[in-house]
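The values are calculated or read from the model by the stated rules, or taken from the named source; none is laboratory data. Everything quoted here is computed from the prediction, not taken from an experiment. Using ideal geometry, Cβ is built from the backbone for each residue, glycine included, and neighbour counts are taken over all protein chains shown. Side chains are part of the model used for accessible areas, which takes the heavy atoms of the whole protein and leaves out ligands, DNA and RNA. Shrake-Rupley method; radii C 1.70, N 1.55, O 1.52, S 1.80 Å.
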Amino acid sequence: MLRFLVRRVLGASVILLLISAVTFFLFFAAPGDPALLACGKNCTPDALTIIRENLGLDKSIPHQYWLFLSGIFTGRDFAIGHCDAPCLGVSFNDRTMVWDTIIDRLPVTVSLTVGGLIIFLTLGIGAGLLAAAKKGTMVDKAASSTSLVLSSLQIYFIGPVVLGAVVYSTGWLDAPQYNEFFDGPMAWAAGLLIPWVVMSLIFTAQYTRMTRAMMIEQLQEDHVRTARAKGMGSKYVFFRYAWRGAMVPIVTILGMDLGGMLGGAVVTEMTFGLAGIGRLAVDSVVNVDLPLTMGVMLVGATFILLFNILVDAAYAFIDPRVRLS
Amino acid sequence: MSEELTLTKPTDAVPASGEPLLTARDLTMHFPIHGGFPFKRKVGAVQAVDKVDLDVYPGESFGLVGESGCGKSTTGRLLTRLLEPSGGTLQYQGTDITKATRKQLAPIRSEIQMIFQDPYSALNPRQTVGRIITSPMEVNDINPSGGREARARELLEIVGLNPEHYNRFPHEFSGGQRQRIGVARALALEPKLIVADEPVSALDVSIQAQVINLMQKVQRELGIAFVFIAHDLAIVRHFSQRLAVMYLGKIVEVGDRDSIYLRPRHPYTHALLSAVPEATGPREDGKKERIRLAGDVPSPISPPSGCRFRTRCWKAQDICASEEPPLVQISGNAAGHLTACHFPEEGTTEATSQDVVMDPALQSLESQHD
Amino acid sequence: MTMTKTADSSAPAEYDGKFLSVNDLRVQFSTEDGIVKAVDGLSFDLERGKTLGIVGESGSGKSVTNLSILGLHNSKTTEVTGEILMEGEDLLTVKEKRLEHLRGNKMAMIFQDPLTALSPFYTIGRQIMEPYRKHTGASKKDARARAIEMLEKVGIPQPNRRVDDYPHQFSGGMRQRAMIAMALVCDPDLIIADEPTTALDVTVQAQILDLLKELQQEFGSAIIFITHDLGVIANMADDIMVMYGGRAVERGSVSQVLYEPDHPYTWGLLSSMPRLSGDVNEELRAIRGTPPSLLNPPPGCAFNPRCDFADQVAGNKCREVRPDLGEGRAAACHLSADQKQTFFVEHIKPRLG
């Protein structure tokens, strides 16, 4: 297990390095000059040179990349002060520490993702299990057809509709907002309720259908039949044998969806006017803010790689064939 | 079925004479296993086939028998060059094709055909039967007089299917019929050799005989040589004049039908023959020797040293672990009957004074119940 | 789980009727294409400690029959009628709870492919312990000891270590041994073995078959042994029932059915199969055509489209009237006893060597 973890962490580090390099060089390949942007309307060549120096853009691109990389491990000194390791640099745009900005925004995105995740896993898997257990009955048909409809609803479509219905026209709920969890969990949850529900609709539908399909497949497996032939009760067989088997593919898909949800955070945050990492990513690109783009990119990639490692570990935990070979 | 087939009166004992069609020497296939940390590298090999010598003569039916993991299917794929051997040589009509490239193989490909075990997955479900049979002709640029379609219809008739089924899809046929399509496809190129890998083991008992009869007709009437790979000893005996018994990637015994089935010398051949359950036999029961091995075949990743059968053999001694027995003609054996054993058995399958029971659980239960 | 095995197994001693009696069993599946009559009016008896071999090809209804005995069919899509009496108790009418109590306890099943029939997620030991704990109320420790004892009995080397292995760490033959240990753990009165050696190599098959016979002697269980292989059945069974198209077409003792078969289908099976002592110059006599569709079985005798002797029966009887299988030693065929005797001696027997 330890070997597995070490190997995966090493692999992930290499991938992060590659991602950072590609992002860095792509940034310079793209049009737009951050110095010119920072210089403003009445820019003189001299002012531009100073700004370039300030931003570190006077150095060669590989040199800049090296400074960026080493800063992550050793910290860097800037005009506005020392930037402790892990230092992701200083924003071109508002001269703040990128790391601090990300740490500031991260809880919003994490809250959104984790909350949505809990909702769709509970509802989706629950409904899927129920539909599989009652296959062919009205319950199954209702669950299946509802999930079919829901899975076609995209967030940028259903989001504004829900907002319009329960916030703006009726005033039943407040507009979504982020409150610190530690300032009061109730306020935190109430503020994010609408985005959670809306963003988990599609996933709930997908997980209902997937769970149902996997369970129906598993229930026909030979080893499930063997368990019944041994006289084990149907509930026991359903959960201990069929569900155990269905978990393997579900965990795989979940690993991929977690990455997708981070990407989807952009849409969710824009739709509900929340200032999270997704929003930050868009802003940084629009503002040609290299350090911020790099920071968001790396943090996002780290999360996705982390999820992958977690999924593989879960896999090994569930399936002894993976663990023992 | 039988009325559709016009079998020439079977002539047994096609003598293994003349120049062999296909010759394998030291034929070896080791599949590498990758693993390790932090970089993957070769950490071992599955020794699927290890230094196998065999000759297939024109027009004969050569059988390959053995249990799972013995390398008989891999050998079949090597002989058709679907796989490139990792060692040894393979000659087809005197030409070395061991490492031949696709291009170099092209003229030979049409002469060596393969029939696969699973008639369900071996045929492309999106192609009509006609297309399945004609496309090998197209690929190999074969233009039969009268056209490819006419030839395909003719082939369908030869294998006992209705030529009007030309435009049907594989799913419209039963398992046995699909295997007939497989035979028709193999025949489309007028091959000199067909390698049939467990061609009937996926079929129902009542259908197996139909397909065997068909292949026998093809072999005899068209003079096509067969390498017939199967685990069923009775079927191989029926189909093949000569056969090799494989165990863990090695040929342990090879010879003509009577030598192997009536006068086997290798303990493993004895064990195999003794294990075949027979529905009806000579009714005087108890005349056949009874040998029950212990456990399963060891892993081909780290096969036993010396003789690979020694770990399950009741005659094994120290020399069996240290020295690999060569495949040789033991005195008293017919020409071409070769055995790889340091302590060969008597050349008979009749019961000796005592059963050989290697399985400890079986031993203890039997001694309790006696 | 207070019911213990000993308390419950005292019942059979008092019961002196037939151990297992299946009467007019019919199993129908509703599918999109229509109703499949998988088993159509099947009756047979089995005595305690005896082995009944059921022979048939795919679709003959042999496996379906046995899943009905265990009550493993999906009741929503399957209609099962008739009677399955085990010690006088009709398994088709008892409650699911009662069936759960009987399964794995008084009747156990050995499946064909031990790799898929064992769960990959639990250790061999756990899978053997499960039914034992459920049916005897044994503690975890006792159940584990019992699992080790059973593994040893079926010939797993180092059972106290291998008990904690997962199925994928066992070889094919060992898995089937573990499966047998699992079936025998509660000392069942009835074992249903569904093609238990088909997935195994021939030398391993020979070991497992002999082992099963010895264990049957020790445990005294009755066995229903399902197979398509007449050779295997010859070694294992006391009586044979040949099934075709969801019905029994011939029934009798092993030597009756194999040496003096009375049904053209049995003749066909026997003479289409090469044997180690047969004449290699004799062409195999294949049964023409393919097995019948159970959605649309042929009228009359289900075997008539493939039968070489259907024209020997006066009128069009084979194509119109379904022959019945009588009691005891019998064959469901319209041929007269003389005809059967003549055809068998003239056409079939010479091929059987």
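Is it the case, given these coordinates, that residue B:270 is in contact (Cβ under 8 Å) with a residue 12 or more places away in the chain, within 12 Å of chain C (Cβ to nearest Cβ) and either under 17 Å from residue B:337 (Cα atoms) or not β-branched (Val, Ile, Thr) (or both)? Before you say what the answer is, go through the steps one by one.
Details: in contact (Cβ under 8 Å) with a residue 12 or more places away in the chain: yes; within 12 Å of chain C (Cβ to nearest Cβ): yes; either under 17 Å from residue B:337 (Cα atoms) or not β-branched (Val, Ile, Thr) (or both): yes.
Spelling it out, residue B:270 is indeed in contact (Cβ under 8 Å) with a residue 12 or more places away in the chain, within 12 Å of chain C (Cβ to nearest Cβ) and either under 17 Å from residue B:337 (Cα atoms) or not β-branched (Val, Ile, Thr) (or both).
Which residues, counting only those in region B:88-109, are open to solvent by less than 20 Å² (accessible area, probe 1.4 Å) and in contact (Cβ under 8 Å) with a residue 40 or more places away in the chain?
Keep residues of region B:88-109 that are open to solvent by less than 20 Å² (accessible area, probe 1.4 Å), which gives B:90, B:92, B:97-98, B:100, B:105.
Scanning region B:88-109 gives B:90, B:92.
Take residue C:275 and decide whether it is within 14 Å of chain B (Cβ to nearest Cβ), touching a residue at least 40 places away in the same chain (Cβ under 8 Å), assigned to a loop (DSSP other than H, G, I, E, B) and within 24 Å of residue B:219 (Cα to Cα).
On the way: within 14 Å of chain B (Cβ to nearest Cβ): yes; touching a residue at least 40 places away in the same chain (Cβ under 8 Å): yes; assigned to a loop (DSSP other than H, G, I, E, B): yes; within 24 Å of residue B:219 (Cα to Cα): yes.
For residue C:275, the condition - within 14 Å of chain B (Cβ to nearest Cβ), touching a residue at least 40 places away in the same chain (Cβ under 8 Å), assigned to a loop (DSSP other than H, G, I, E, B) and within 24 Å of residue B:219 (Cα to Cα) - is met.
Kindly establish whether residue B:227 is facing chain C (nearest Cβ under 9 Å) and closer than 28 Å to residue B:56 by Cα.
Details: facing chain C (nearest Cβ under 9 Å): no; closer than 28 Å to residue B:56 by Cα: yes.
So residue B:227 does not fit the description; no.
Table: residues versus (1) surrounded by 22 or more Cβ atoms within 10 Å (Cβ to Cβ); (2) of a type in the set (Val, Ile, Thr); (3) more than 14 Å from chain B (Cβ to nearest Cβ); (4) touching a helix residue (DSSP H, G or I) at 6+ places or on another chain (Cβ under 6 Å).
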{"residue": "C:243", "(1), (2), (3), (4)": "yes, no, no, yes"}
{"residue": "C:265", "(1), (2), (3), (4)": "yes, no, no, no"}
{"residue": "C:281", "(1), (2), (3), (4)": "no, no, no, no"}
{"residue": "C:290", "(1), (2), (3), (4)": "no, yes, no, no"}
{"residue": "C:316", "(1), (2), (3), (4)": "no, no, yes, no"}
{"residue": "C:324", "(1), (2), (3), (4)": "no, no, yes, no"}
{"residue": "C:337", "(1), (2), (3), (4)": "no, no, yes, no"}
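Among the numbered conditions (1) under 17 Å from the mean Cα position of the chain (by Cα); (2) within 22 Å of residue B:127 (Cα to Cα), tell me where residue B:175 comes up short.
So the condition that residue B:175 fails would be (1).
Could you check how many residues of region A:164-189 are under 21 Å from the mean Cα position of the chain (by Cα) and more than 14 Å from residue A:114 (Cβ to Cβ)? Full working, then the answer.
First pass over region A:164-189, keeping only residues under 21 Å from the mean Cα position of the chain (by Cα): A:176-181, A:188-189.
Pick out the ones that are also more than 14 Å from residue A:114 (Cβ to Cβ) and you get A:176-177, A:179-180.
So the count comes out to 4.
Do we have any residue at all in region B:47-58 that's acidic (Asp, Glu), part of a loop (DSSP other than H, G, I, E, B) and away from chain C (no Cβ under 14 Å)?
Restricting attention to region B:47-58, the residues satisfying the condition of being acidic (Asp, Glu) are B:50, B:53, B:55.
Next cut, part of a loop (DSSP other than H, G, I, E, B) only: none.
Checked region B:47-58: no residue is acidic (Asp, Glu), part of a loop (DSSP other than H, G, I, E, B) and away from chain C (no Cβ under 14 Å).
Search region C:216-241 for residues being more than 10 Å from chain B (Cβ to nearest Cβ) and among the charged types (D, E, K, R), and hand back the single one that is surrounded by the fewest Cβ atoms within 10 Å (Cβ to Cβ).
Within region C:216-241, the match that is surrounded by the fewest Cβ atoms within 10 Å (Cβ to Cβ) is C:238.
Tally time: how many residues in region A:120-135 are open to solvent by 30 Å² or more (accessible area, probe 1.4 Å) and either more than 9 Å from residue A:211 (Cα to Cα) or of a type in the set (Ser, Thr, Tyr) (or both)?
So the count comes out to 7.
Among (1) farther than 28 Å from residue A:153 by Cβ; (2) in contact (Cβ under 8 Å) with a residue 40 or more places away in the chain, which single condition is residue A:233 missing?
Failing condition for residue A:233: (2).
Residue check, residue A:93 against (1) assigned by TED's automatic domain parsing to the domain that holds residue A:259; (2) open to solvent by 30 Å² or more (accessible area, probe 1.4 Å); (3) in contact (Cβ under 8 Å) with a residue 60 or more places away in the chain, all met but one. Which one?
Evaluating residue A:93 over (1) assigned by TED's automatic domain parsing to the domain that holds residue A:259; (2) open to solvent by 30 Å² or more (accessible area, probe 1.4 Å); (3) in contact (Cβ under 8 Å) with a residue 60 or more places away in the chain leaves (1) as the failure.
Filter region C:181-208 down to the residues that are free of Cβ contacts under 8 Å to residues at least 60 places away in the same chain, more than 7 Å from chain B (Cβ to nearest Cβ) and either assigned to a helix (DSSP H, G or I) or under 14 Å from the mean Cα position of the chain (by Cα) (or both) and list them by number.
C:181, C:197, C:208
In region B:195-224, what residues are hydroxyl-bearing (Ser, Thr, Tyr) and in contact with a His (Cβ under 9 Å, 6 or more places away or on another chain)?
Step one: list which residues in region B:195-224 are hydroxyl-bearing (Ser, Thr, Tyr), which gives B:201, B:206.
B:201, the sole residue that qualifies.
Residue C:100 versus (1) touching a residue at least 24 places away in the same chain (Cβ under 8 Å); (2) more than 24 Å from residue C:238 (Cα to Cα); (3) not polar (S, T, N, Q): which is the lone unmet condition?
Against the list (1) touching a residue at least 24 places away in the same chain (Cβ under 8 Å); (2) more than 24 Å from residue C:238 (Cα to Cα); (3) not polar (S, T, N, Q), residue C:100 comes up short only on (1).
Going by what's in this entry, would residue B:273 be described as in contact with a Ser or Thr (Cβ under 7 Å, 6 or more places away or on another chain) and in the same structural domain as residue B:164 (by TED's automatic domain parsing)? Even if it seems obvious, please write down each step before you answer.
Details: in contact with a Ser or Thr (Cβ under 7 Å, 6 or more places away or on another chain): yes; in the same structural domain as residue B:164 (by TED's automatic domain parsing): no.
Judged against the criteria, residue B:273 is not a match.
How many of the residues in region B:336-359 are open to solvent by 80 Å² or more (accessible area, probe 1.4 Å), within 30 Å of residue C:152 (Cα to Cα) and not in a loop (DSSP other than H, G, I, E, B)?
Result for region B:336-359: 0.
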